[in-house]
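Chemist: Submitted below is the structure of interest, expressed as structure tokens.
The values are calculated or read from the model by the stated rules, or taken from the named source; none is laboratory data. All values reported here derive from a predicted model rather than from experimental measurement. Positions of Cβ are generated from backbone atoms using ideal geometry, with glycine treated the same way; all protein chains shown enter the neighbour counts. Heads up: the accessible areas ignore ligands, DNA and RNA and are worked out on the full protein's heavy atoms, side chains in. Shrake-Rupley method; radii C 1.70, N 1.55, O 1.52, S 1.80 Å.
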Amino acid sequence: MRDSGASLAGLSRLIGRNPAYLQQYVTRGSPRHLDEPDLRRIAEFLGVLPHVIETRRFDEARYHDPLQHRASPVDDWIDVPRLPLDASAGPGAFSAEEISFDHFRFSRRWLREMGLEGADLSAIRVEGDSMEPLLRSGDEIFVDRNKRAGEGIHVVRIGDALHVKQIQARGPGRVALISANDAYAPIELALQEIEVVGRVVWKSGRI
């Protein structure tokens, strides 16, 4: 669970239980065993076969995977958490609790080919039109939290609001947040007024 970036509360909600259900299971042993449907759903989410996490033996035949001989080991894949946050390409979107509700799964090879090996990635959604045509409202962007300086498009937090902008230095201790859409004027701020969350390194969107 820790390797996948999930939480006990999040997994509890995944199987339709109250948020404390798996916390009690892990820390108090109540329930003593997970029901088979819950076990299978959690195993599928974590990318493992159910017998890896089961505490009692179920029907082995149900776990047969006809594609298993072609499947790659779990360690060959990286899950990028999707966070229920919007990075505003407009007036500003307020952040929510940073608990992933889903994941994108990519092979380590693909990430390496894209120059993203070792990146600390999270996926969030773009809202608004100030970064068009580069980023459109509804696009999902990957933010690398390991890259918080240098040129490029970044996600920044101003108070409780998240913005996706290009950062440009404007004299000692000041920066400008630049939009791709010429209809939006630059926003000039003191450097201490913003928190750089990370650099945008990949995007996806509907055609």
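Chemist: Please report the net charge: other residues with Cβ closer than 12 Å to the Cβ of Gly198, K and R +1, D and E -1.
Modeler: Numbers: positive: Arg145, Lys147, Arg148, Arg157, Arg199; negative: Asp120, Asp144, Glu195.
With Lys, Arg at +1 and Asp, Glu at -1, the net is +2.
Chemist: Count charges around Asp79 for me, please; just the other residues with Cβ under 10 Å from its Cβ, Lys/Arg as +1, Asp/Glu as -1. Display every interim value, and only then the final one.
Modeler: On the way: positive: Arg82, Arg105; negative: Asp3, Asp102.
Taking every other residue near Asp79 into account, the sum is 0.
Chemist: In whole Hz, what ³J(HN,Hα) sequence does region 13-21 give by Karplus (6.51, -1.76, 1.60; θ = phi - 60°), x for Gly and Pro?
Modeler: 5, 4, 9, x, 9, 5, x, 8, 4
Chemist: For Trp202, enumerate residues with amide H under 5 Å from its amide H, sequence gap 5+ or separate chain, H modeled in the peptide plane.
Modeler: Phe142
Chemist: So what J values fall out for region 105-118 if you push phi through Karplus, 6.51 cos²θ - 1.76 cosθ + 1.60 with θ = phi - 60°, rounded to Hz, Gly and Pro as x?
Modeler: Whole-Hz 3J(HN,Hα) from phi for region 105-118: 10, 10, 6, 4, 4, 4, 4, 5, 5, 8, x, 10, 5, x.
Chemist: All other residues with a Cβ under 10 Å from the Cβ of Glu54 taken together, and with Lys, Arg as +1 and Asp, Glu as -1, what is their net charge? Write down the numbers at each step before the final one.
Modeler: On the way: positive: Arg40, Arg56, Arg57; negative: Glu36.
Around Glu54, the surrounding residues sum to +2.
Chemist: Now, a different point. Sorted by accessible area (1.4 Å probe), largest first, how do Arg28, Arg145 line up?
Modeler: Numbers: Arg28 180, Arg145 55 Å².
Sorted by accessible area, descending: Arg28, Arg145.
Chemist: Continuing with the same structure: Once you put a point 7 Å from the Cα of Met114 and another 7 Å from the Cα of Asn18, both along the Cβ direction, what distance in nm separates them?
Modeler: 4.0
Chemist: Go through region 122-207 and name the GluC sites (Glu not before Pro) that are in a DSSP coil and have 15 or fewer other Cβ atoms within 10 Å of their Cβ.
Modeler: Working: sites: Glu127, Glu140, Glu151, Glu188, Glu193, Glu195; in loops: Glu151.
When the GluC sites (Glu not before Pro) of region 122-207 are filtered for loop state and at most 15 Cβ neighbours within 10 Å, Glu151 remain.
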